[in-house]
């Protein structure tokens, strides 16, 4: 970059839209050589005897740097640094807005949801490499509140005991009592209100049939019971993303006790009638968080027959 003569007054130089006082001292050759070896050219001495106006050899843009930094450290070009941060933010799925005013290690970013995030640059670099994700606190709080509403509860705030995995909730659809709960339990519904809730033995439940398709094209069936089969499939079974799981049927029972008794009877019939259809745990334990109750496709018709009997109230006669 060359600077027109009009930029230079008798005592000032204009750089980066700001005017700086020129310092009249000599620019020594060893200063020039050191700066050049580090990727910069010295344009002038400015402000005082401790500062240089440098030009970056990579982007051809000027900036101000201390003499001590040039001679003892590696100067950083703010223009190149900003471009790198913009590129890194894009790779992390964000838009870089600028450096935080209170800490040079933090930046301000715009998330895809349009909210502003304050994050460490090091974290953004890790996210750009795919080593971590970036979470918007505002959206996360909305999701947590929505999860609670779906269960008939209200998110009151963080855990009074300080456990980051717990929250404080209020039972808005029931007695209004508050309770500390793990967020994972709120997501899965595996809890009761201590004031007005029903235990699993009294709560309505289901006997369900699920089908899993493994990437190897192997197909497996599961028969079980749960108060919330969808939650069991989504959160509790630990399915990896490459395994497709679906609920085929869910037969309702008035109580968990009745569902459990029906499920045990069905398993006894399956294991007696089709013992060779029982899948050994070694074939599914590395991708499914259960130790039994898994069958081959040969058991599908009998599973549906048993669920039909449960639905029609004739299971005792099977």
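Every read-out reported here was derived from the displayed coordinates using simple, explicitly stated rules and does not represent laboratory data. Note that the coordinates shown come from a computational prediction; the quantities given were computed from them, not determined experimentally. Ideal geometry is used to build each Cβ from the backbone, glycine not excepted, and the neighbour counts take in all protein chains shown.
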Worksheet entry | 12, 188 arranged by Cβ crowding within 10 Å, fewest neighbours leading | 12, 188
Worksheet item: What is the Rg over Rh value, at two decimals, for the range 5-76, using alpha-carbon atoms and the Kirkwood definition of Rh?
Response: 0.94
Practice prompt. Decide, for the range 137-188, between rounded, prolate and oblate: order the square roots of the alpha carbon gyration tensor eigenvalues as a ≥ b ≥ c, take rounded if a/c falls under 1.5, and otherwise choose prolate if a/b is larger than b/c, else oblate.
Written response: oblate
Item to complete: Kindly provide the helix-only [θ] at 222 nm of the chain, computed as the sum of -39,500 (n - 2.57) over DSSP H runs of four or more divided by all residues, to the nearest 500 deg cm²/dmol?
Response: -8500 deg cm²/dmol
Worksheet item: From Cα coordinates alone, what are the radius of gyration and Dmax values for the chain in angstrom?
Response: 33.0, 107
Worksheet item: Using the C-alpha atoms of the range 1-157, what convex hull volume per residue, in cubic angstrom, is computed?
Response: 154
Fill in: Over 13 Å [Cα-Cα, the range 59-129], rounded percent
68
Worksheet item: Taking square-rooted eigenvalues a ≥ b ≥ c of the alpha carbon gyration tensor, is the range 35-98 rounded, prolate or oblate, where a/c under 1.5 means rounded and, failing that, a/b exceeding b/c means prolate?
Response: prolate
Item to complete: In nm, give the distance between the simple-model label positions of residue 31 and residue 290, each being 7 Å from the Cα along the Cα-to-Cβ direction.
Response: 7.7
Practice prompt. Starting from the Cα gyration tensor of the range 122-265, take the square roots of the eigenvalues, sort them a ≥ b ≥ c, and report rounded, prolate or oblate (rounded when a/c is under 1.5, otherwise prolate if a/b is larger than b/c, else oblate).
Written response: oblate
Worksheet item: Hey, got the Cα dimensions of the range 205-317 along the principal axes, in Å, largest first?
Response: 38, 30, 19
Response to the item:
Nearest 10, in degrees from 0 to 90: the angle of helix 256-273 to the longest Cα principal axis of the chain is 80
Practice prompt. Calculate how steeply helix 137-150 sits against the longest principal axis of the alpha-carbon atoms of the chain, using the helix alpha-carbon long axis, and give the answer as 0 to 90 degrees to the nearest 10.
Written response: 10
